[in-house]
Amino acid sequence: MAGPARRCCLGWDFSTQQVKVVAVGADLNVFYEDSVHFDRDLPQFGTQGGVHIHKDGLTVTSPVLMWVQALDIILEKMKASGFDFSQILALSGAGQQHGSVYWKAGASRALTSLSPDLPLHQQLEACFSISDSPVWMDSSTTAQCRQLEATMGGAQALSCLTGSRAYERFTGNQIAKIFQESPEAYSLTERISLVSSFAASLFLGSYSSIDYSDGSGMNLLQICDKVWSQACLSACAPDLEEKLGRPVPSSSVVGTISSYYVQRYGFHPGCQVVAFTGDNPASLAGMRLEEGDIAVSLGTSDTLFLWLREPTPSLEGHIFCNPVDPQHYMALLCFKNGSLMRERIRDESASCSWSEFSKALRATEMGNGGNLGFYFDVMEITPEIIGRHRFNAENREVSAFPRHVEIRALIEGQFMAKRIHAEGLGYRVMPKTKILATGGASHNRDILQVLADVFDAPVYVTDTANSACVGSAYRAFHGLAAGAAVPFADVVKLAPQPRLAVTPTPGAAQLDAVGRPSIVTKDV
Ligand code: 5FX
């Protein structure tokens with residue numbers, strides 16, 4: 001049950017596998033959550049993990065109507081639980097990044113004239129010129145990527161302009177492929193949304209703008225000027241500017257809720273819709289990152305979010321406009337060799353035991369006596385490299401280390417690589433820097449100690465299971481307040497705090513100065 005009525009904001013997350021919602025009260029605590037899981041709750045669409053992987057193994061799509069129907073189902077569940085929709089002041093949301101939705105000519109009319117007597121999916125059935133939306137897992141657009149980079153003067157030039165070199169999943173390249181392979185469907189398309197702005201459009205009953213932050217994941221937006229790059233647009237497809245609409249700051253109120261939701265569910269007619277954004281930017285908001293902070297997710301792959309003031313876009317990683325401060329930026333870095341690599345070394349050098357692994361970290365010294373190792377059993381993406389590379393204190397490559405040294409070399413190497421790549425994107429550790437750690441390995445205090453020592457900053461642990469959703473609700477509060485230009489941090493200062501796990505070992509900073517340059521010269 002939803003409990004007694006409370007003034008609140010809703011945060012939505014249209015992610016790869018499910019649609020989720022949370023309600024966050026004025027005290028910034030979550031008091032309601034619900035979800036619809038695509039594979040389980042909408043089996044008629046036949047998705048696995050929310051997607052269809054096509055025969056070529058490269059093309060990955062999701063049925064757009066599945067997302068619409070998931071929204072119908074979740075709203076009905078909320079209604080059945082007695083949720084008081086009239087108390088919602090504002091809502092915002094997140095979408096899996098890069099995915100795109102193609103609205104067919106005439107869809108705008110269908111959106112503005114929704115009948116409250118029918119679910120959305122019955123009324124929007126004929127509204128899409130492409131029924132299977134390409135999603136972020138798609139990697140079928142290599143030809144379009146090479147073409148875009150060539151037109152723009154190379155990968156680095158494109159990165160300087162749009163924050164990233166050309167990536168297969170980035171939306172401009174996906175749109176280029178649709179235009180080249182299905183020109184009729186493309187010309188029938190009156191509007192192209194990201195998953196985030198598509199979801200916002202469903203709530204608005206009209207097309208929502210794309211926000212700057214999610215718009216940065218398209219290889220189309222000039223991240224400094226916050227306008228579409230005319231050269232990128234015309235390299236991808238004709239008439240694209242008009243199909244995309246004008247991008248807006250992420251904390252913009254894009255309108256009030258459609259009368260459909262007022263009549264069918266009892267929303268207050270003044271409920272504001274704040275621009276939706278990508279799931280990673282929304283998570284940055286949910287974790288309440290501030291300037292100089294860094295979030296490290298230690299999962300199957302390791303992911304880093306950074307808050308940056310002056311980014312230096314490079315050939316690795318992505319720079320996005322910051323979702324909570326339009327003057328600043330965020331960076332996203334992905335490392336493929338995360339937990340699986342740690343588990344392998346645990347099995348080989350610590351008898352398959354995490355407690356042996358921890359003991360080895362405690363038994364060895366910060367800096368590992370000058371021994372360094374980099375372990376990439378699968379082809380790494382940051383940077384593209386494979387193999388295990390070990391260097392002794394004399395900087396000579398060696399083929400093996402003693403077991404304890406191997407374990408510390410792995411963990412120090414993983415975190416040093418993260419710091420070096422973060423610094424390559426313009427990141428600098430500041431006196432107020434916090435590291436927020438999440439994911440499986442964040443439960444291991446000895447691994448976190450190495451993280452604190454390498455970055456010379458305290459490490460906090462936080463649960464990010466709902467961070468995109470909760471961040472969306474926080475952003476809705478921010479959007480409501482932003483008329484008064486209130487900083488995001490002030491709006492969310494009452495939210496639950498992350499837990500301090502470890503602080504750097506005294507002397508860690510001095511050791512950095514000796515240890516780090518030596519790995520820079522090793523070109524990793
Ligand atoms: C980021 O660039 C990604 O492609 C993924 O993290 C998606 O946003 C997942 F939804």
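Spin-label pair ARG109-ALA509: with each label point 7 Å from Cα along the Cα-Cβ axis, the two points sit 6.7 nm from one another. Heavy-atom accessible area per residue, the chain, 1.4 Å probe: how many Å²? That works out to 38 Å² per residue.
Give me the percent of DSSP beta bridges within the chain that run antiparallel, rounded to the nearest 5.
75 percent
Here's the picture: charge each Lys and Arg Cβ at +1 and each Asp and Glu Cβ at -1 in region 147-242, and of THR189, ALA237, GLY217 the one pushed furthest to the positive end of that dipole is GLY217. Estimated from the Cβ-Cβ distance and a Förster radius of 60 angstrom, the FRET efficiency linking LYS226 and GLU348 is about 0.80.
How large a share of the accessible area of the chain, in percent, is made up of carbon and sulfur atoms when the probe is 1.4 Å and the other protein chains stay in place?
53 percent
Projecting the Cα positions of HIS121, PHE488, TYR102 onto the charge dipole of the chain (unit charges on Cβ atoms of Lys, Arg, Asp and Glu, taken about the Cα centre) puts PHE488 furthest along the positive direction. Taken along the Cα-to-beta-carbon direction at a fixed 7 Å, the label points for GLU310 and GLU125 span 5.8 nm.
Using the structure shown, list the pairs from LYS20/LYS243; LYS336/LYS418; LYS20/LYS79 with a Cα-Cα distance above 22 Å, or answer none. Over 22 Å Cα-Cα: LYS20/LYS243. Magnitude of the charge dipole for region 408-471, about its Cα centre and with charges confined to Cβ atoms of Lys, Arg (+1) and Asp, Glu (-1), is about 120 debye.
Every pair of different Cα atoms in region 169-301 enters the Kirkwood calculation, which places the hydrodynamic radius at 16.4 Å.
Based on the convex hull around the alpha carbon atoms, region 8-281 presents an average projected area of 13.6 nm². Compared with the direct C-alpha span, the chain from LYS493 to MET379 gains 36.9 nm at full extension, assuming 0.36 nm per residue. The distance from the alpha carbon centre of region 391-449 to that of region 305-368 is 7 Å, rounded to a whole number. Evaluated with a Cβ-only charge set (Lys, Arg +1; Asp, Glu -1), region 8-281 carries a dipole of roughly 220 debye about its Cα centre, given to the nearest 20. Here the calculated FRET efficiency for ARG445 and GLU33, from their Cβ-Cβ distance with R0 = 22 Å, stands at 0.15, rounded to the nearest 0.05.
Each semi-axis of the equivalent ellipsoid for region 40-178 is √(5λ) with λ an eigenvalue of the Cα gyration tensor; in descending order they amount to 34, 18, 15 Å.
Neighbours of ASP302 by Cβ distance under 10 Å: Lys/Arg scored +1, Asp/Glu scored -1, total +3.
The charge dipole of the chain, taken about its Cα centre with unit charges on the Cβ of Lys, Arg, Asp and Glu (plus for the first two, minus for the last two), comes to roughly 640 debye.
Principal axis analysis of the Cα atoms in the chain yields extents of 73, 55, 44 Å, listed in decreasing size. In the chain, taking the dipole from charged Cβ atoms about the Cα centre, the farthest positive-side position among TYR261, ILE88, LEU148 is held by ILE88. Distance between the pseudo-spin-label points of ASP239 and GLU397 (7 Å out from Cα toward the beta carbon): 5.5 nm. Round to the nearest 10 and give me the degree value, 0 to 90, for the angle of helix 508-520's Cα axis relative to the longest principal axis of the chain. The answer is roughly 80 degrees. For the pair SER206 and ARG246, the difference between a 0.36 nm per residue extended length and the Cα-Cα distance amounts to 13.0 nm. Taken as Cα centroids, region 58-96 and region 164-239 sit 22 Å apart, rounded to the nearest whole angstrom.
Taking the Cβ of GLY99 as the center, what net charge do the other residues with Cβ under 9 Å away carry, scoring Lys and Arg +1 and Asp and Glu -1? Around GLY99, the charge tally is 0. Compute the FRET efficiency between GLN327 and LEU118 as 1/(1 + (r/R0)^6), taking r as their Cβ-Cβ distance and R0 = 41 Å, and round to the nearest 0.05. Using R0 = 41 Å, I get an efficiency of 0.40.
The values are calculated or read from the model by the stated rules, or taken from the named source; none is laboratory data. Predicted model only: the values in this text are computed from it and were never measured. Heads up, the Cβs are rebuilt from the backbone with ideal geometry, glycines too, and the neighbour counts pull from every protein chain shown. Ligands, DNA and RNA are excluded from the accessible area calculation, which covers all protein heavy atoms including side chains. Shrake-Rupley method; radii C 1.70, N 1.55, O 1.52, S 1.80 Å.
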